[in-house]
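Take a look at the structure below.
The values are calculated or read from the model by the stated rules, or taken from the named source; none is laboratory data. Predicted model only: the values in this text are computed from it and were never measured. Don't worry about glycine lacking a Cβ; one is built from the backbone with ideal geometry, like all the others, and counts go over all protein chains shown. These area figures cover heavy atoms from the full protein model, side chains too; ligands, DNA and RNA do not enter into them. Shrake-Rupley method; radii C 1.70, N 1.55, O 1.52, S 1.80 Å.
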Amino acid sequence: MTANKTLIIIKPHAVRDNKTGVILSMIIEAGFRIIAMKMIRLTSCQTGEFYKEHKGKYFYEPLVKMMSSGPVVISVLEKENAVSELRRLVGNTDPEVAEPGTIRKIFGLSTRENAVHASDGNQNASRECTFFFSELEEFKY
Ligand code: ADP
Ligand code: MG
């Protein structure tokens, strides 16, 4: 089941620019099912914990600041090979390098403000879904 689930976060700049709907549309068009969703503003403490694997890297502090600068939309997505399929749809971390048609190519402003977060492996996907959602908040169809 884990292999079929992943987490996406629409980053504050994209929510602020009213891109939530069009990004979710692309995700649904690509065959993902939304099984949990919420819109919240994270504290820097929560963001720091979420991104703890990057602690110590030069981009960690500004990343935490950016991710807690406004509301985000967080969703658990279901699809076969969800993690790799979503990473493909999301594109490279650097929007300039991302393939045409990917979410980051279309909506990314910079390597930091690259529109969305997507889990990068099955183990992280499992941790990240549990970080934000309880079992009761995930719906099965
Ligand atoms: P990804 O989000 O593609 O999995 P990483 O896990 O390496 O990329 O980094 C997490 C986030 O940190 C990125 O999405 C981006 O917002 C930020 N980031 C990563 N590398 C850089 C960088 N070189 N400069 C600025 N921000 C960065
Ligand atoms: Mg990552």
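Of all residues in segment 1-41, which are closer than 18 Å to Glu137 by Cα, of a type outside the set (Val, Ile, Thr) and crowded, with 19+ Cβ neighbours inside 10 Å? Residues satisfying the conditions are Lys5, Leu7, Phe32, Ala36.
What about Phe50, is it among the hydrophobic types (A, V, I, L, M, F, W, C), modelled with pLDDT of 95 or more and away from ligand 1 (no atom under 12 Å from the Cβ)? Steps first, please.
On the way: among the hydrophobic types (A, V, I, L, M, F, W, C): yes; modelled with pLDDT of 95 or more: yes; away from ligand 1 (no atom under 12 Å from the Cβ): no.
Criteria not met by Phe50.
With the condition kept exactly as written, say whether any residue in segment 6-25 is more than 14 Å from His117 (Cβ to Cβ) and in contact with a Leu (Cβ under 8 Å, 6 or more places away or on another chain). Checking segment 6-25: not a single residue is more than 14 Å from His117 (Cβ to Cβ) and in contact with a Leu (Cβ under 8 Å, 6 or more places away or on another chain). Of all residues in segment 114-141, those being of a type outside the set (S, T, N, Q), over 14 Å from Val90 (Cβ atoms) and open to solvent by 50 Å² or more (accessible area, probe 1.4 Å) number 8.
For segment 78-97, the candidate set comprises residues that are under 16 Å from Thr111 (Cα atoms) and surrounded by fewer than 20 Cβ atoms within 10 Å (Cβ to Cβ); within that set, the residue that is nearest to ligand 1 (Cβ to nearest atom) is Thr93.
Checking each residue in segment 86-141 for being of a type in the set (Lys, Arg), over 14 Å from Ala14 (Cα atoms) and out of contact with any strand residue (DSSP E or B) (no Cβ under 8 Å at 6 or more places or on another chain) picks out Arg88, Arg127. Among residues of segment 117-131 that are free of Cβ contacts under 8 Å to residues at least 40 places away in the same chain, those with a Cβ under 9 angstrom from a residue that is assigned to a loop (DSSP other than H, G, I, E, B) and open to solvent by less than 70 Å² (accessible area, probe 1.4 Å), sequence gap 6+ or separate chain, pair up as Arg127/Ser119.
May I ask you to list the residues in segment 45-77 that are in a helix (DSSP H, G or I) and open to solvent by 70 Å² or more (accessible area, probe 1.4 Å)? If you could, list the steps in order and put the result at the bottom.
Of segment 45-77, the ones in a helix (DSSP H, G or I) are 45-50, 52-54, 60-67.
Of everything in segment 45-77, those that are in a helix (DSSP H, G or I) and open to solvent by 70 Å² or more (accessible area, probe 1.4 Å) turn out to be Cys45, Gln46, Glu49, Lys52, Glu53, Glu61, Lys65.
Note on segment 83-141: among residues that are closer than 16 Å to Ile35 by Cα and of a type in the set (A, V, I, L, M), the one that is nearest to ligand 2 (Cβ to nearest atom) is Ala118.
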